[in-house]
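Visitor: Quick one: the structure is below, and I'll ask about it shortly.
Nothing in this text is a laboratory measurement; each read-out follows from the coordinates by a stated rule. Since the structure is predicted, the reported quantities are computational estimates derived from the model, not experimental observations. All Cβ positions, even for glycine, are placed from backbone atoms using ideal geometry, and neighbour counts span all protein chains on display.
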Amino acid sequence: MNSRFVLALVLSWAALLPGLVSADTVWLDDLNLAAATQGYGEPKKNLSVSDQPLAIGGKKFERGFGTHADGLLKINLDGAAQKFSVSVGVDDDVKGNAEASIEFIVVGDGKQLWRSGTMRAGDAAKVCEVDLSGVKLLKLQVTDAGDGMSWDHADWADAKFETAGGKISATGGEEKPAPVAPYILTPAAPATPRINGANVFGVRPGSPFLFTIPATGERPMKFSAKNLPSGLKLDAKTGRITGALKTKGEFTVTLRAKNSLGTAEKKFRIVCGDQIALTPPMGWNSWNCFAGAVSADRVKRAANALVKSGLVNHGWTYINVDDFWENHRNSKDKTLQGPFRDTNGFIVPNVRFPDMKGLADYVHGLGLKIGLYSSPGPWTCGGCAASWQHEQQDAQTYAKWGFDYLKYDWCSYGEVASGGNPDAKDIPLWGKTATNDAGAIYPYTVMGKFLREQKRDIVFSLCQYGMADVWKWGGSVNGNCWRTTGDIVDTWKSMSGIGFRQDKAAPFAKPGNWNDPDMLIVGEVGWGRTHPTRLTTDEQYTHISLWCLLASPLLIGCDMEKFDDFTLNLLSNDEVLAVDQDELGREATCVITAGDVRIYERPLADGSQAVGFFNLGAKPVELQFGEFAKLGLVGKQTVRDLWRQKNVATVDVAKDALPLTIPGHGVVLYKFTTAK
Ligand code: GLA
């Protein structure tokens, strides 16, 4: 037999008995990984999501797919593959960060074939081998294991298919809604005066008072106030109320705004007592756009933009400087180099912030307030000087400069916790998670006390990602708001993953104490290099509606010099913002789940209910809503579309149904008021 004949014979047997021949290997990293969707960063071939060589639990891998929770890659096998094998785990590039936790799931034709269980930083890789005989569509999923997606760097290492020929191709990731061009729902504010914003304002006795009456309408406008308590004065031209109240008490004031076209009036409650932030703080923070590139000049420009854009007339107030106003421990950037503290231990800002008091005066001069950032450890999350062992001096310094808000992080506290903190033994080094509740609470007790001692109202914002159920004790350490999650990014997965998981903290929200699902990600965002938000049009309506229902602090995260009309429309709808600022201070919870639909309800001070009908699916949903009883609604209800600011129906809840069309990843936001 000649050799050609032998080969032909073998090949023909092989065709009959595919299982007997040695299979071809197709590497996962040779497929089009760009088809994957993930919660952060880009899909990486043979590298981790942050461009490091793949490594899990100390073991290096040459090949594989570096991704991030929540992630999905769909692969068309068409029955061609026989076996899939892979080593999975958290990439070592997260450097032991305790917040990293991931689960890997392999699904074939809708059936779960394998799941890893929760994996954490440093865990040895788990090996998965699954039989794919007959499977047409394979899904490789990475979830955040239920705790938010901070640091969830996920590796599918050494991932390969064995096939007997045929084509294997990556076909996509998470289904996305069809693109929809931005559409504006917020009606333009009338030229006649209208007073917007919260109905109540808290101040402590003796603290400098600053409140700018937010009013839309043609300028010039003349402001006045009836029953303004003594100690306060109103500037008729700017609408700014300043001064101080000596003693505790509650005062109902009538605010009035007048222009050539008419007059508006509004009842406004001033509560002088122990509690501030009686409605969630509204403003801007530098992090989501400028990150480590913030400067005093950029902060001033942001303050100007808040005024020029007109947002100040809708209640937006705070201009908050995040990390990187301090000097850095080892940056090569000259503007971050310099002493951390002076010889007496007082913090020294970096050269980008040459005059902190001047900056605060500038922002106050626009009728706005100003905030700052620090951490209880020696270093902030960005590696700049923080407040460790200088808490009292720092609180004094912030007050002396004239700051009105402090965001207080966690990073690096674990490194030093045992010195001075009796409960710190279980706090991991540099990690963001404390396993010991008392240890997690302690540093906030310290700073909370020193802030309180200042003769200034400083909103205290805890940024420790929800550790030790912060919502249960944040108020007791003088906290006014507290992050309940890791950092948000401008993706649907991130925003919806955070926003729709707030129910357990919700019962703890009340005037002065707010759950904070992190800052807004509409407009030009990007942590140093900005781009238009990656949220779709409807996802942005969902974001703002949900955050308002959740009584969340509203901190704009974009470059405000680059506002477009659509973004302004999102941030200037007074009826939507009024839900956030409602003085009852109740946070919405999810009352109905049906398929992809989530219905959130928030009781409002006037007895009405704000209801968000959300669609988590990519395709529009049409429904006839009739479950009014679950919303506690009775009798005849007037239904108002808050985004469009108009009544759309009157329903008799006993017999009517309300037709709803909810866009993919979108929302319908209604208010139900008992009809007269
Ligand atoms: C943490 C916070 C962010 C930001 C950065 C600054 O990650 O969660 O909001 O403040 O630190 O370094």
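Visitor: Measuring from centroid to centroid over Cα atoms, what is the spacing of the stretch 218-244 and the stretch 644-670 in Å?
Guide: With the stretch 218-244 and the stretch 644-670 each reduced to a Cα centre, they are spaced 39 Å.
Visitor: Among the trypsin sites (Lys or Arg not before Pro) in the stretch 82-112, which ones are in a DSSP loop with at most 14 other Cβ atoms within 10 Å of the Cβ? Mind listing them?
Guide: Sites meeting the loop and neighbour criteria: Lys95.
Visitor: With a cut-off of 8 Å between alpha carbons and a minimum separation of six or more residues, what is the relative contact order of the chain in percent?
Guide: 10
Visitor: Using alpha carbon centroids, what distance separates the stretch 22-85 and the stretch 448-521, in Å?
Guide: 36
Visitor: How about the stretch 176-238: which trypsin sites (Lys or Arg not before Pro) there lie in a loop by DSSP and see at most 13 other Cβ atoms within 10 Å?
Guide: For trypsin sites (Lys or Arg not before Pro) across the stretch 176-238 that sit outside H, G, I, E and B with at most 13 neighbouring Cβ atoms in 10 Å, the list reads Lys237.
Visitor: Among the chymotrypsin sites (Phe, Trp or Tyr not before Pro) in the stretch 152-203, which ones are in a DSSP loop with at most 15 other Cβ atoms within 10 Å of the Cβ? Mind listing them?
Guide: Tyr183
Visitor: Let me ask something additional. When only Cα pairs under 8 Å and 6 or more residues apart are kept, what is the percent relative contact order across the stretch 332-421?
Guide: Across the stretch 332-421, relative contact order equals 29 percent.
Visitor: What's the local net charge at Gly345, with K and R +1, D and E -1, over the other residues with C-beta under 12 Å away?
Guide: Taking every other residue near Gly345 into account, the sum is -2.
Visitor: How would you rank 35-41, 126-132, highest first, on the average number of other Cβ atoms within 10 Å across their residues?
Guide: 35-41, 126-132
Visitor: While we're looking at this one, here's another question. Rounded to the nearest 10 degrees, what's the angle between the helix 3-16 long axis and the longest principal axis of the chain, both from Cα atoms, 0 to 90?
Guide: 50
Visitor: Report the residues of the stretch 499-523 in range of a label on Lys472: point 7 Å along Cα→C-beta, backbone N strictly under 14 Å from it.
Guide: Residues passing the 14 Å test: 504-508.
Visitor: Moving on. Using the Cα centre as the reference, give the magnitude of the dipole from point charges on the C-beta atoms of the chain (Lys, Arg: +1; Asp, Glu: -1; all else neutral), rounded to the nearest 20 debye.
Guide: Taking the Cα centre of the chain as origin, the dipole is about 2060 debye.
Visitor: Sticking with this one: For Lys455, list the lysines whose Cα falls under 19 Å from its own Cα; do not include residues on the same chain fewer than 8 positions away.
Guide: Lys246, Lys248, Lys357, Lys369, Lys400, Lys407
Visitor: While we're on this one: Only Cα pairs under 8 Å and at least 6 apart count here; give the relative contact order of the stretch 282-586 as a rounded whole percent.
Guide: Normalised by residue count, the contact order of the stretch 282-586 is 17 percent.
Visitor: List the lysines whose Cα lies under 25 Å from the Cα of Lys74, skipping any in the same chain that are fewer than 8 positions away.
Guide: Lys44, Lys45, Lys83, Lys111, Lys126, Lys136, Lys139, Lys160, Lys167, Lys176, Lys493, Lys619
Visitor: Report, in degrees rounded to the nearest 10, the 0 to 90 angle that the Cα long axis of helix 437-453 makes with the longest principal axis of the chain.
Guide: That helix lies at roughly 30 degrees to the long axis.
Visitor: Still on this model: Write down the percent of antiparallel bridges among all DSSP beta bridges whose residues are both part of the stretch 282-586, to the nearest 5.
Guide: Antiparallel: roughly 25 percent of the beta bridges in the stretch 282-586.
Visitor: Of the DSSP beta bridges with both residues in the chain, give the percent that are antiparallel, rounding to the nearest 5.
Guide: 80
Visitor: Would you kindly calculate the mean projected area, averaged across all directions, of the convex hull enclosing the Cα atoms of the chain, in square nanometres?
Guide: 34.4
Visitor: Sticking with this structure for a sec: Could you compute the FRET efficiency for Lys226 and Thr192, with r as their C-beta to C-beta distance and R0 at 22 Å, rounded to 0.05?
Guide: 0.65
Visitor: Could you work out how far the C-alpha centroid of the stretch 301-363 sits from that of the stretch 551-605, in angstrom?
Guide: Distance between centres, Cα-based: 28 Å.
Visitor: If you take every residue apart from Phe161 with its C-beta less than 15 Å away from the C-beta of Phe161, what net charge results, scoring Lys and Arg +1 and Asp and Glu -1?
Guide: Its environment carries a net charge of -1.
Visitor: Name every cysteine in the chain that ends up alone, with no second cysteine's Cβ under 4.7 Å, or say none.
Guide: Among the cysteines of the chain, those whose Cβ sits 4.7 Å or more from every other are Cys128, Cys272, Cys289, Cys384, Cys463, Cys481, Cys548, Cys558, Cys590.
Visitor: For the chain, find the longest principal axis of its Cα atoms and tell me its angle to the long axis of helix 296-308, 0 to 90°, nearest 10.
Guide: Around 70 degrees separate the two axes.
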